[in-house]
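Please read the structure below before turning to the comments.
Every number in this text was worked out from the coordinates using simple rules, so none of it is lab data. For clarity, every value in this text was computed on a predicted model and none was experimentally measured. A quick note on method: Cβ atoms are made from the backbone with ideal geometry, for glycine too, and the neighbour counts reach across all protein chains shown.
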Amino acid sequence: MSQSGKDYVIEKVKEMMNAHSCCAEAKAAGQAWLNAIGTDKETEQAKNLIVELEEDLMPIDQLIAFADSEAGAQVFGKEMAANVAAHARDIKAAGAKYCDCPACAAVAAILEKKEELLA
């Protein structure tokens, strides 16, 4: 991976980790990869990061279903859950395949560089 490509992924990993919507597991995987950069563990941690991010990236239909559910209302609050579901439907209609929250947006950007990251 070129240095500019690596710098881009580092920036996106940090964005993901700082996002309010980032789960603890993704933060841990991101930090482990950042800590491993330049070591013999870098490739292993890149693989672990990719596995975690592929599990965490929220498909738009799952987001809609969750936001419309009782569990979504408990997590977001009733009004916010309705807003999230409406927003998700809007972005789906515009062609979105995944959630566009700050964490998912950063994850999608990282996964676009997956092949380079694992090379």
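The helices (runs of 4 or more DSSP H) found entirely in the range 9-119 that carry 3 or more residues being surrounded by 17 or more Cβ atoms within 10 Å (Cβ to Cβ) and of a type in the set (A, V, I, L, M, F, W, C) are 24-36, 42-56, 60-68, 78-93, 102-112.
A search for C-beta distances below 7 Å between a residue of the range 4-17 that is without any contact (Cβ under 8 Å) to a residue 24 or more places away in the chain and any residue that is surrounded by fewer than 18 Cβ atoms within 10 Å (Cβ to Cβ), counting only pairs 6+ apart in sequence or on different chains, returns M17/K27; M17/Q31.
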